[in-house]
Amino acid sequence: MATLTRISEDQLRVFLDEYSELGNLVGFAGIPEGSVNSNYRVETSAGAYFLRVYEEQAFEGARNEGITLLHLSAHGVPCEAPLLRNDGERTGHIAGKPAALFAWCAGGMRCQASVSTADTAQVGAALARIHVAGSAMAGRTGRFGPAELRLRLDRIAAAADHPTLAAEAEPLRQALDANEARRRSDLPKGLVHGDLFRDNVLWDEKGTIVTLLDFESACSGAFVFDLAVTVLSWCVGDALSPELARAMVSGYESVRPLTAEEREGLHAEACFASLRFAITRITDFAMRGDEAGPRTIKDYRRFILRYQSLTAMGPDGLSRMLFKN
Ligand SMILES: Nc1ncnc2c1ncn2[C@@H]1O[C@H](COP(=O)(O)OP(=O)(O)OP(=O)(O)O)[C@@H](O)[C@H]1O
Ligand SMILES: N[C@@H](CCO)C(=O)O
């Protein structure tokens, strides 16, 4: 989340000493994007780097992200593994927190207005590549399952200083409970990214994906849940765009065709994804103060609207929108 952990130059020098061939430290600055971790751009005489200080994960969780990235990048997924340290690890510590250093990836993010069907097709195909490449990996259990979301709802309901937010808790809880009863348990599962939003994909000037970012939420889950997250984050301007969403699904299926069960299960997974992000945006953005300095605030109400529009559309409406047959 921007720069919750402030690091000193001395701490950074000690951290960088654990790597070879990084040259001398030239400068560093916090990055305002991101909601969870403290991120820095670090410049040395050898080049630019991205430093991620993990705010919500113990060392093993952070290390696991590095191992996942190493596996995926070796299997054709456009992503960067953290740099190798002198101790043979890819994760270390700074300011008492787990931390990893990545090559700085030049590339731009898409704003929603500029997203094209060619883009969503590419993102869909890249997501499917993660699913295919990660199918052999034993992903860890996710941190945003229904049980964890209910705990967050308890915190929201108890937020006496945020009465408007507290009032959102009960309807969200009822929606979550009703939707849980509809989710299929027989969907194909494996490693999912879990958070492939527009700010987690960098593009070059020719319109090709440079890298996928932020595998911190990567875990074991239903592939079609991940597809639902990605459709909802890339294909909604004022409303879900049939063209963008169809292109994303067909890009996905060009690499990994969906099963009949996945097509049927997509609506309940999309509703769950909408509730997941509505709830975490309340706890991670709306309920947080400005202790992390300037940062992007993401509006939870946009995901409540997505949930309402999916409910109005129903499973058949979503299928008609996404699938030709
Ligand atoms: N290797 C990299 N090179 C260049 N920029 C990067 C790199 N990794 C991340 N960034 C930039 O930093 C931003 C925040 O990174 P990231 O998404 O990993 O943070 P986060 O705190 O986990 O945020 P969130 O979970 O909200 O996506 C990205 O949106 C991107 O702009
Ligand atoms: N990508 C998430 C934040 C990090 O999980 C969101 O847009 O709510």
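Throughout, read-outs are computed from the coordinates displayed, never taken from laboratory work. From a predicted model like this one, the values you see are computed outputs, not experimental measurements. Please note: Cβ atoms are built from the backbone with ideal geometry, for glycine as well, and neighbour counts cover all protein chains shown.
A compact table of results
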| quantity | calculated |
| --- | --- |
| Three-way shape call for segment 9-103 based on the alpha-carbon gyration tensor, with the a/c threshold at 1.5 | rounded |
| GNM flexibility winner over the chain from Ser114, Ser254, Ser73 (Cα, springs under 10 Å) | Ser114 |
| P(r) histogram, all alpha-carbon pairs of the chain included - 20 Å bins from 0, percent | 31, 59, 10, 0 |
| Estimated vicinal HN-Hα couplings, Hz - segment 64-81 in sequence order (Karplus 6.51, -1.76, 1.60; Gly, Pro = x) | 4, 4, x, 5, 4, 5, 4, 5, 5, 5, 6, 10, x, 7, x, 7, 10, 7 |
| Residue-wise HN-Hα coupling along segment 112-118, computed from phi with Karplus coefficients 6.51, -1.76, 1.60 (Hz; x: Gly, Pro) | 4, 5, 9, 6, 10, 5, 5 |
| Computed lengthening from Ser8 to Lys298, 0.36 nm per intervening residue step minus Cα-Cα distance | 101.5 nm |
| Burial ordering of Arg301, Arg129, fewest other beta-carbon atoms within 10 Å first | Arg301, Arg129 |
| Average Cα contact separation per residue, the chain, under 8 Å, 6 or more apart, as relative contact order % | 19 percent |
| Relative exposure of Tyr19, Tyr307, judged by other C-beta atoms within 10 Å (fewest first) | Tyr19, Tyr307 |
| Mean-position separation - Cα centroids, segment 203-228 and segment 270-284, in angstrom | 18 Å |
| Vicinal HN-Hα couplings computed from phi for segment 260-265 (Karplus, 6.51 cos²θ - 1.76 cosθ + 1.60; Hz; Gly/Pro x) | 4, 5, 5, 4, 5, x |
| Other-chain or far-sequence residues with amide H under 5 Å of Cys219's (modelled H) | Val192 |
| Per-residue Cβ neighbour rank within 10 angstrom, fewest leading, Thr164, Thr44 | Thr164, Thr44 |
| Filtered GluC sites (Glu not before Pro), segment 221-292: DSSP coil and at most 10 other beta carbons within 10 Å | Glu291 |
| Extension reserve of the Ala157-Gln174 stretch, reckoned as 0.36 nm per residue once the Cα distance is removed | 4.8 nm |
